[in-house]
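The values are calculated or read from the model by the stated rules, or taken from the named source; none is laboratory data. Since this is a predicted model, take the numbers as computed values, not measurements. As a convention, Cβ positions derive from the backbone with ideal geometry for all residues, glycine included, and neighbour counts pool all protein chains shown. The accessibility values were calculated without ligands, DNA or RNA, using every heavy atom of the protein model including side chains. Shrake-Rupley method; radii C 1.70, N 1.55, O 1.52, S 1.80 Å.
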2 protein chains.
Amino acid sequence: MRRSKITLSSKEIPEKWYNIQADMPELPHPPLNPETQEPIRPEDLEDIFPGNLIEQEVSQERWIDIPEEVLEKLTSWRPTTLNRALGLEDYLDTPAKIYYKNEGMSPAGSHKPNTAIAQAYYNKAAGVKRLTTETGAGQWGSALSLGCAFFDLECKVYMVKISFEQKPYRRIMMNTWGADCIPSPSEETSFGKKILEEHPDTSGSLGIAIGEAIEDAASSADTKYSLGSVLNHVMLHQSIIGLETKKQLEKIGEKPDIIAGCIGGGSNFAGLAFPFVKDKLDGEDMKIISVESTACPSVTKGPFVFDYGDTAGTTPLLPMHSLGYDFVPPATHAGGLRYHGMAPLVSKLIEDGFVESKAYDQLQAYEAGIIWARTEGVIAAPETNHVLALAIEEAKKAAETGEEKTIVISWSGHGLLDLSGYEEFLKGNLDSSSMSEEELQESIKKLNDNLKP
Amino acid sequence: MRRSKITLSSKEIPEKWYNIQADMPELPHPPLNPETQEPIRPEDLEDIFPGNLIEQEVSQERWIDIPEEVLEKLTSWRPTTLNRALGLEDYLDTPAKIYYKNEGMSPAGSHKPNTAIAQAYYNKAAGVKRLTTETGAGQWGSALSLGCAFFDLECKVYMVKISFEQKPYRRIMMNTWGADCIPSPSEETSFGKKILEEHPDTSGSLGIAIGEAIEDAASSADTKYSLGSVLNHVMLHQSIIGLETKKQLEKIGEKPDIIAGCIGGGSNFAGLAFPFVKDKLDGEDMKIISVESTACPSVTKGPFVFDYGDTAGTTPLLPMHSLGYDFVPPATHAGGLRYHGMAPLVSKLIEDGFVESKAYDQLQAYEAGIIWARTEGVIAAPETNHVLALAIEEAKKAAETGEEKTIVISWSGHGLLDLSGYEEFLKGNLDSSSMSEEELQESIKKLNDNLKP
């Protein structure tokens, strides 16, 4: 009797987040003030973040209580199921066991609500009335809209103009949850106006949208800004993914040989992987692999430097793998993997050799996504397809060597609002969208003068 | 500590379907041959259905084993969770407890795969190589595409032309699972060609698409036809919804006062309700309510007659509530509720007084859907919104009377591929889309001459 799903009851949900900062042999450098090149102080962030989240950002406590109000909301879909990919294993005729943690079960369809709900709660608790954020493809904007609906906060989402026009369903989703979503650049901020004057026909960028959202938050006392990845407190909130997965693997007596997730800003990977990184630091033998897109190979090709978190160059300098804050990756359907940098905590673990990395191109990713959909049923987000490519490659290797590897991946979201990429792939209209080595070198060269952490 | 989710492990999945035909005080009449008006014989159906499913269609066994191969596939998302709608209850400040069975968790996003996977399995077991079907909005076509991917069958979906053009994402979903989906009427059947000659600009209809799918199946030895609702074996396969729900309610010591689901062809309602109808027949006190759209009020307004199952008038005559087989309901976003008739088993239970019915219009449904999304997170399908309207109405009544009612509904699917209706509603562009009493009487008058069961 084969059963693919490993469940946890809602009483088994982890009640504390895991903070890897308590266990890293060496912590990342703190972010620097770009003008003084001195470490920023927590209070420098108070214009845009509430104090309780800044506290979490710098905390070195190993375990941090998840507030009851957050747990209650999370349990409407959490714990998510861990599934064994039996259909795929049969298809590949592999001795490898492939498990996937299904983060597509959330109302917004990805792991993003894990932190969106927590951030909305902490902002509400700090007396904030309104949150602003940016969104590209719309995953993060919709997750924050959901969080704000739950905690009765106003929400304003600056959505990159080209996505706003191409992805009306994501915008409608945000409106359904009561959020205001406008195309960026907009006439509603001075930064947006300036861009529109200079480039009236621009299709927008994540960097511009961040600029607008931060300006909006900084210029109003009861409004704060919310970020969906990269920062330490986001990785903290996502740790629930890996904590649940550990409980599920324990239930069935499994030990992972490979832990993997796709990386854009790093949060879904960190969420699954950090609790296992702890085991690895404690001596367990396993590979922990972050998987990125060849269109934006921040960690496989980018150096470890201090760089701006946003394209406009307004944030503190973060110690991270980067392709340069003004790097513009080729257009791909995996919008969530098109970030120039990488979460400092993930970057540091890669730099120090605890986490490996691999990159797959768009065609490899969609090929894996099609095989997955036809054998496992669920249709993955374009971003998620990148880690599916790794899982299939490793399972094929195992079929050759006969090794009974246990592979555990983060299935970060479903692709039901991103089906157009599947159509383009099936029609043969997609290319690999990889960066050429020349362009890459050109971009990386400019980083030579950056400060090194 | 409030937790909204009641889980069952995959080991707790029901291993038998419940067949209400074993317990009904009186069975519905068998379908009639339209020419002879004699009951059809099982072998009359063999051109389009495999023998094993025809056997289930007429079986009066109370419990029917779910094949292991079907269970294995179902457990990739089943048992689905039963959730308590705590956010909504708080918002309504009601003493009522509202539970919803989340059938949106399947890869296709609705309850439809419960029968699609079973039907694909039985056809495969009978040596069938290829299945045909029709689809309107696309829920059923995508579910069958998934079932066929799992059991390695070819799948051909005739999709109503207007939906084919308006809902590209549903078509891409089917293609992703490997199915062939074409607009109906098509040049690929003689029925389709005839329609195109007579009405070259037609936008198609479900009746035409059924006609094409049946012709395709009947004209090829290794091809059969598959239907997503109405028939007895479909109700049987969906009974897993109610069987799981009963286990979940037992776990928390709850007894339902109201059981409800929306009805188009009747299958998601039957799936939840039939196991509870048995309890009601055994003397338990509860209301069992089917909820339809005022745009297509088959059971609240339509008589109980023998009528064709399809708009083309080619199927056996089914004993059911109907608005007339050529009835064309107003356009609404709830495509799944636009069926002129109703499953004979559901019709008979309504006729005999075991099931009540109510109708809500499109505006009431979307208003409920918005309240639901903002308090519970998950965004429901337009069809599902109709039962949410009932749940909210009943919970408000309970708030007035102070009664602690326990309301259990089938949350039949998510609305992520049907968001345009939400946008139209939020913009104020929707009307109620109810049938006028005049038009209704006009249509029903024609049924006076129909045979009565």
Taking each residue of A:370-377 in turn, how many C-beta atoms of other protein chains fall within 10 Å of its C-beta, and what is the average?
5
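Based on Cα coordinates alone, diagonalise the gyration tensor for the stretch A:120-185, multiply each eigenvalue by 5, take square roots, and list the semi-axes in whole Å, largest first.
21, 11, 8
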What does the structure give for A:422-429 when I average, per residue, the other chain Cβ atoms found within 10 Å of the residue Cβ?
2
Placing each pseudo-label 7 Å from Cα in the direction of the beta carbon, A:Phe354 and B:Glu35 end up separated by a distance in nanometres of 7.8
Once the label point is set 7 Å along the Cα-to-beta-carbon vector, what list of distances in nm do you get between A:Pro95 and its counterparts in the other copies?
6.4
What residues does the stretch B:48-75 have that are buried by at least 30 Å² of accessible area in the full protein assembly compared to the chain on its own, 1.4 angstrom probe?
B:Glu68, B:Glu72, B:Thr75
Could you give the nm distance between label points at B:Asp282 and A:Arg62, where each point is 7 Å from its Cα heading toward the beta carbon?
5.1
Taking the label point as lying 7 angstrom from Cα along the Cα-to-Cβ axis, what are the distances from A:Met286 to the corresponding position in the remaining copies, in ascending order and in nanometres?
4.2
Test of understanding: express the Cα radius of gyration of the stretch B:337-422 as a ratio to 2.2 N^0.38 Å, with N the residue count.
1.20
Alpha-carbon centroid distance for the pair the stretch A:42-114 / the stretch A:218-289, whole angstrom:
7
Can you give me the Kirkwood hydrodynamic radius for the protein assembly as shown, using every pair of distinct Cα atoms, in Å to one decimal?
28.2
Roll a 1.4 Å probe over the protein chains and send me the accessible area per residue for the protein assembly as shown in Å².
35
Folded to 0 to 90 degrees: helix A:139-150 orientation relative to chain A principal axis, Cα:
80
Assuming R0 = 45 Å, can you tell me the calculated FRET efficiency for the pair B:Lys251 and A:Glu165, based on Cβ-Cβ distance, to the nearest 0.05?
0.40
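To two decimal places, what compactness ratio does the stretch B:26-144 give when its Cα radius of gyration is scaled by 2.2 N^0.38 Å?
Relative to the rule-of-thumb radius for its length, the stretch B:26-144 sits at 1.41.
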Pairwise centroid distance, computed over Cα atoms, of the stretch B:127-206 with the stretch A:394-453, Å:
33
Kirkwood Rh and Cα Rg combined as Rg over Rh, evaluated for the stretch B:308-387:
1.05
Helix A:384-401: inclination vs chain A longest Cα principal axis, degrees, rounded to 10, gives 30
Test of understanding: express the Cα radius of gyration of chain A as a ratio to 2.2 N^0.38 Å, with N the residue count.
0.91
Contact-by-burial set, the stretch B:132-176, min loss 50 Å², accessible area of protein heavy atoms with 1.4 Å probe, reference chain alone, gives B:Tyr169, B:Ile172, B:Thr176
Just to confirm a number: summing +1 for Lys and Arg and -1 for Asp and Glu over residues other than A:Arg3 whose beta-carbon lies under 11 angstrom from that of A:Arg3, what do you get?
+3
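Mind putting a number on the dipole of the stretch A:206-334 about its Cα centre? Charges go on the C-beta only, +1 for Lys and Arg and -1 for Asp and Glu, and I need it in Debye to the nearest 20.
The dipole magnitude comes to about 360 debye.
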For chain B, cysteines whose Cβ has no other cysteine Cβ within reach (under 4.7 Å)
B:Cys181, B:Cys262, B:Cys296
List the accessible area buried at the contact between A and B, summed over both sides and calculated with a 1.4 Å probe, in Å² to the nearest 100.
4400
For a bin width of 10 Å, list the pair-distance distribution of the stretch B:1-56 built from all Cα-Cα distances, rounded to whole %.
16, 27, 27, 15, 10, 4, 0
Helix-only mean residue ellipticity at 222 nm for the protein assembly as shown, each DSSP H run of n ≥ 4 adding -39500 (n - 2.57), per residue, nearest 500
-11500 deg cm²/dmol
Could you pull out the GluC sites (Glu not before Pro) across the stretch B:242-311 that fall in loop regions by DSSP (anything but H, G, I, E, B) with no more than 15 other Cβ atoms inside 10 Å?
B:Glu284
For residues of A:249-257, the mean tally of beta carbons on other chains within 10 Å:
0
Please report Rg (one decimal) and Dmax (integer) in Å for the Cα set of the stretch A:168-231.
12.7, 34
Just want to confirm a number: the relative contact order over chain B, from Cα pairs under 8 angstrom separated by 6+ residues, in percent.
19
Counting only protein heavy atoms with a 1.4 Å probe and every protein chain in place, the carbon and sulfur fraction of the accessible surface of the protein assembly as shown in whole percent equals 46
In Å and from the alpha-carbon atoms only, list the Rg and Dmax of the stretch B:297-443.
16.6, 52
Distance violations [Cα-Cα > 27 Å] among A:Lys396/B:Lys5; A:Lys73/A:Lys405; A:Lys129/B:Lys97; B:Lys112/B:Lys287:
A:Lys396/B:Lys5; A:Lys73/A:Lys405; A:Lys129/B:Lys97
